[in-house]
1. For region 59-171, what is the accessible area per residue in Å², given a 1.4 Å probe and the full set of protein chains?
2. Heavy atoms only, probe 1.4 Å: what % of the accessible area of the chain goes to carbon and sulfur, would you let me know?
3. Could you tally the net charge around Tyr18, taking each other residue with its Cβ under 13 Å from the Cβ of Tyr18, Lys/Arg +1 and Asp/Glu -1?
4. If packing is taken as the mean number of other Cβ atoms within 10 Å per residue, what is the order of 94-102, 123-131, 2-10, highest first?
5. Might you report the magnitude of the Cβ-based charge dipole of region 59-171 about its Cα centre, with Lys and Arg at +1 and Asp and Glu at -1, to the nearest 20 debye?
Amino acid sequence: MTAAAKELEWSAPRIWRYETGQVPMHPNDVEAMCRVYGASRDTIETMRSLARETKAHGWWHSYGEAIKDWFKLYVGLEAAATKIRHYETNLVPGLLQTVEYMRELIAIDQPSLPDAESQAKVDVRLRRQRLLARAVPRAPYLDVILNEAVVRRPLRDRHALARQFDALVVAS
């Protein structure tokens, strides 16, 4: 930390406050630190995006209980990502799910969930999917590997499953 402080012409306590998360970072400060640490251009851009995200609450904060606290960090990182790699053993990933498939999964997982809460969960997944179509910043590259069990797992609504498979073919 001392060498980085000297290189950046900052005080050691300033870097310590940044590194311990006590204060939010400005994207330009993130870039300066990344350069000192020898980060790649892609890493610098990702870190700058994350710094911008820390200044404002992301869209996911408005969904309250529909997104668990532990998942908010993931959604924030996902929103800032330039590349997403996903291996799934059981289900189609949320970023690729159709509405019918989502509803089936929610109904199976939480059969007594009130309709409003179920809809909020669907809305969150649909909102997450928007990042794949965004223009600015550029949509992340999505690389997904599905285990054979994903396509063999039956759903109560066979038509929903068939439409999900059609959507996967279109997305590939």
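1. So region 59-171 comes to 63 Å² accessible per residue, rounded to a whole number.
2. Carbon-and-sulfur percentage of accessible area, whole number: 54.
3. -1
4. So the peptides 94-102, 123-131, 2-10, ranked by packing, come out 94-102, 123-131, 2-10.
5. For region 59-171, the charge dipole is close to 340 debye.
The values are calculated or read from the model by the stated rules, or taken from the named source; none is laboratory data. All values derive from a computational prediction rather than experimental measurement. Methodologically, a virtual Cβ is constructed for each residue, glycine included, from the backbone with ideal geometry; neighbour enumeration extends over all protein chains shown. Areas reflect the complete protein model, heavy atoms only, side chains present, ligands, DNA and RNA absent. Shrake-Rupley method; radii C 1.70, N 1.55, O 1.52, S 1.80 Å.
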